[in-house]
Amino acid sequence: MKLHAYHFPLAFSLCLAACSKNMTDQAAPGDKASQQQTANAATLAASTVTFTDESSFVNSLSSYGFKTPDQLDLNRVASTSGYNTVYGFNIPAANQVTGFKWNSGDEQTQEWRPQGITGFSRGGRKFLLVTWYGVDPGTIAGINNQHKGVRISLVDITNMANITYRHILLVQNAANMSNSALYKPSNPYTQLDAFCPVTIHAGGVAYYAGKIYVADTNLGIRVFDLDTFVPAAGDATETRIGKESNGDLKAFNYAYILPQTGYYKITNAKPFSCIELGEGATSADKYLWTSQYITSSETATPQAFGFPINTAGQVSTTTQPTVIVPKDNDSGNVYGIQGVFRAGSKTFMTITGTSSYLGSTARLVRYNDGTAAGTRYRWPHGAEDLFRDSATGYLWNLTEYETAKYGQDNRVVFAVRLSDYD
């Protein structure tokens with residue numbers, strides 16, 4: 001079957017208010033030549049989705065006392081001050097809604113870079129959740145933090161005048177270290193019993209049914225249950241992870257861990273770069289939408305995949321995903337996809353690696369099914385994953401770079417009204 005024609009019979013009920021903004025930019029002359037590969041240039045093999053349940057591993061930690069997001073002590077403070085003045089922030093003033101910067105240490109750190117974003121409500125409070133990956137020397141010379149894998153930031157945005165957050169380390173069963181698809185050895189650290197780091201890029205994260213779904217570039221999707229945060233003991237050396245012989249849990253000095261409860265191995269969809277929750281045939285039908293980071297120098301065609309998910313938070317292992325092949329504003333492929341959100345017959349994507357425009361090489365691209373070309377909007381530099389908050393209609397995004405890269409802060413988490421880009 002042809003890529004461009006491959007849509008399973010799914011209708012979408014979400015309606016978006018139309019709004020025209022003078023924020024689009026034309027494709028640079030140099031971009032068009034590299035995007036001549038059409039969406040019909042390749043065929044798609046059927047995807048295979050298999051789930052491995054690791055709940056027994058999670059349950060083995062229950063004696064330490066599981067905690068929920070609203071029970072965690074949030075020990076850091078973020079601020080809305082100056083969020084719209086960071087490097088490459090070019091959202092038009094009329095479209096700016098809200099946002100925040102991390103504390104100074106997290107704005108500046110070179111050891112971690114933020115990637116994924118999602119959100120949820122719990123215990124009468126409103127949270128965002130952001131993934132960060134441990135930086136390696138191939139990304140920033142002299143930085144060897146890749147062994148720590150992935151941390152998440154739990155951010156309380158109930159009151160935007162008082163934003164608090166905490167970092168938590170993601171972990172998985174230590175038995176997974178023997179599986180190269182699940183664990184990647186790196187620089188030395190002290191590995192103890194029971195659990196080990198989740199050594200992936202964590203380019204995106206989605207929330208549904210009390211769980212988070214983290215994009216794994218080559219494997220598929222990692223799953224974590226937000227009712228199973230586990231306290232860990234201090235480690236002043238920040239070098240130890242797992243269960244000590246005396247029973248203490250260590251996690252590089254992080255106060256909490258979140259253990260992996262399972263994973264989906266998915267073929268024919270890598271390289272996964274992002275993930276987000278979207279709707280299906282009715283408002284009750286949910287899909288996890290993911291997309292691929294592919295550059296114009298590659299022969300592969302970038303696609304977005306919609307995986308059906310039921311009310312219990314289980315991704316279908318029997319139904320083929322819906323596949324979208326979006327088009328950029330020059331009618332070519334959409335390269336460098338960092339974030340995706342699917343609403344009705346429209347696909348919204350953050351992309352990077354385009355020509356510089358108003359201080360940024362990022363764009364937001366909207367593609368309407370069946371149209372000859374997408375529409376580009378200017379977008380902040382270093383843009384990553386997307387999250388749509390259905391309660392407010394806000395589209396949240398974040399940027400990734402440390403202060404030293406441009407000599408000023410770049411990392412920001414911000415929201416716009418999705419209707420302004422529809």
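The values are calculated or read from the model by the stated rules, or taken from the named source; none is laboratory data. All values derive from a computational prediction rather than experimental measurement. We place every Cβ from the backbone using ideal geometry, glycine too, and count neighbours over all the protein chains shown. What goes into the accessible areas is simple: the full protein's heavy atoms, side chains included, and nothing from ligands, DNA or RNA. Shrake-Rupley method; radii C 1.70, N 1.55, O 1.52, S 1.80 Å.
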request  = Take the Cα atoms of the range 117-170, build their convex hull, and give its volume per residue in Å³.
outcome  = 91
request  = Keeping every protein chain in place, order 298, 54 by accessible area at 1.4 Å, biggest value first, i.e. largest first.
outcome  = 298, 54
message = Strictly greater than 20 Å: what percent of every Cα pair in the range 300-422 meets that?
response = 47
Accessible area of the chain divided out per residue, in Å², using a probe of 1.4 angstrom = 37
ask   = How long, wide and thick is the chain, going by the Cα atoms along their three principal axes, in whole angstroms, largest first?
value = 64, 48, 43
key: Counted charge near residue 133, where neighbours are those whose Cβ lies closer than 15 Å (Asp, Glu -1; Lys, Arg +1)   = -2
key: Backbone HN-Hα couplings from phi across the range 373-384 [Karplus 6.51/-1.76/1.60, Hz, Gly and Pro as x]   = 8, x, 10, 9, 10, 5, 7, x, 5, x, 5, 10
query = Spin-label point model (7 Å from Cα, Cβ direction): what's the residue 56 to residue 139 distance in nm?
reply = 3.4
ask   = residue 95 label point, 7 Å along Cα→Cβ, cut-off 12 Å on backbone N: hits in the range 329-364?
value = 349-350, 363-364
message = What distance in nm separates the two pseudo spin-label positions at residue 218 and residue 191, each 7 Å out from Cα along the beta-carbon direction?
response = 1.6
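Antiparallel versus total DSSP beta bridges in the chain: what percent is that, nearest 5?
Numbers: 107 of 113 bridges.
DSSP beta bridges in the chain are roughly 95 percent antiparallel.
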query = Just how large is the dipole of the range 253-359 about the Cα centre, in debye to the nearest 20, putting +1 at every Lys and Arg Cβ and -1 at every Asp and Glu Cβ?
reply = 180
query = Taking every pair of alpha-carbon atoms in the range 243-355, what share in percent sits in each 5 Å bin, from 0 to the bin with the longest distance?
reply = 2, 10, 18, 18, 14, 11, 9, 7, 5, 3, 1, 0, 0
query = Bin by bin, in steps of 10 Å, what percent of the Cα pairs in the range 36-135 do you find, going until the bin that has the longest distance?
reply = 9, 24, 29, 21, 16, 1
remark   = Computed from the beta carbon distance with a Förster radius of 30 Å, FRET efficiency for residue 233 and residue 209 to the nearest 0.05 stands at 0.45
query = If you average over every viewing direction, what projected area does the convex hull of the Cα atoms of the range 95-139 give, in nm²?
reply = 4.8
task = Can you bin the range 131-253 into rounded, prolate or oblate? Criterion: square roots of the alpha carbon gyration tensor eigenvalues sorted a ≥ b ≥ c, rounded for a/c under 1.5, prolate for a/b above b/c, oblate for the rest.
result = rounded
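Using alpha-carbon pairs under 8 Å, 6+ residues apart, how would you state the relative contact order of the range 211-268 in percent? Please report the intermediate quantities before stating the final value.
Numbers: 113 pairs, mean separation 23.0, N = 58.
The normalised contact order for the range 211-268 reaches 40 percent.
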inquiry  = With +1 on the Cβ of every Lys and Arg and -1 on the Cβ of every Asp and Glu, and nothing else charged, how large is the dipole of the range 342-422 about its Cα centre, in debye rounded to the nearest 20?
reply    = 240
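Starting from the alpha-carbon convex hull of the range 203-248, give the projected area averaged over all orientations, in nm². Could the numbers behind the result be given before it?
Details: hull surface 19.8 nm².
For the Cα atoms of the range 203-248, the hull's average projected area reads 4.9 nm².
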request  = Mind grabbing the accessible area of residue 322 for me, 1.4 Å probe, Å², rounded to tens?
outcome  = 0
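Treating only the Cβ of Lys, Arg, Asp and Glu as charged (+1, +1, -1, -1), what charge dipole size does the chain show about its Cα centre? Round to the nearest 20 debye.
Working: 33 positive and 34 negative charges, 99 e Å.
In total the dipole reaches around 480 debye.
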remark   = The rounded separation in angstrom of the Cα centers of the range 330-391 and the range 226-291 is 26
message = So, R0 is 22 Å and r is the distance between the beta-carbons of residue 71 and residue 312; what FRET efficiency does that work out to, to 0.05?
response = 0.45
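Normalised by the number of residues in the range 144-289, what is the relative contact order in percent for Cα pairs under 8 Å and 6+ residues apart?
Working: 331 pairs, mean separation 33.6, N = 146.
Relative contact order of the range 144-289: 23 percent.
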